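A short write-up of the structure that comes next.
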Amino acid sequence: MAMARELKTFIEENQGFFFSNDRIAVYYDRGQHQITNLLASVFGTTLSGGLEFKSASPVDYKLLQVADHICTLELLDMKRRNKALSRSEKQFFDRDSKELVNIVKAIRKKQFAPIG
């Protein structure tokens, strides 16, 4: 529910951008049934006209791979801040997680400003 609210708020706050396009394509690899339903529900009720859902295979879409990688790193950083890293995640990153912090910091420097 929190993801749906956040996505809906993002779309509503950036309606000008979304409605300035003739069509909007939502790419998703249908990896998680709940996410597929969430995207269809939120985009379908918030932006009805000119909306297309397309299946995206990570093998075919490098940008999707990059987005997936960034989301994974952000999740790991959130887990690090909440002291919830698994044992294997702790083993992968050094003891105080400096590597993870530096990677996430570098990614955030490249982050786009909010639309609008």
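Quick notes
- Segment 47-57, subset closer than 28 Å to K110 by Cα and outside any loop (DSSP other than H, G, I, E, B), residue modelled with the highest pLDDT: F53
- Residue that is surrounded by 10 or more Cβ atoms within 10 Å (Cβ to Cβ) and either in contact with a Gly (Cβ under 7 Å, 6 or more places away or on another chain) or in a helix (DSSP H, G or I) (or both), where the choices are G44, G16: G44
- Subset tally (residues that are touching a helix residue (DSSP H, G or I) at 6+ places or on another chain (Cβ under 8 Å) and assigned to a loop (DSSP other than H, G, I, E, B)) for segment 1-13: 0
- Residues of segment 24-41 satisfying the condition of being part of a helix (DSSP H, G or I) and either touching a residue at least 12 places away in the same chain (Cβ under 8 Å) or of a type in the set (A, V, I, L, M) (or both): I35, L38, L39, A40, S41
- Of residues in segment 1-13 being among the aliphatic types (A, V, I, L, M) and closer than 15 Å to N37 by Cα, the one surrounded by the most Cβ atoms within 10 Å (Cβ to Cβ): L7
- In segment 58-77, the residue that is farthest from S88 (Cα to Cα) out of those that are assigned to a helix (DSSP H, G or I) and among the β-branched types (V, I, T) is V66.
- Any hit, segment 66-77, residues being at pLDDT 85 or above and over 13 Å from the mean Cα position of the chain (by Cα): yes
The values are calculated or read from the model by the stated rules, or taken from the named source; none is laboratory data. None of the values given here were measured: they were computed from a predicted structure. Here the Cβ is made from the backbone with ideal geometry for all residues, glycine too, and neighbour counts use every protein chain on show.
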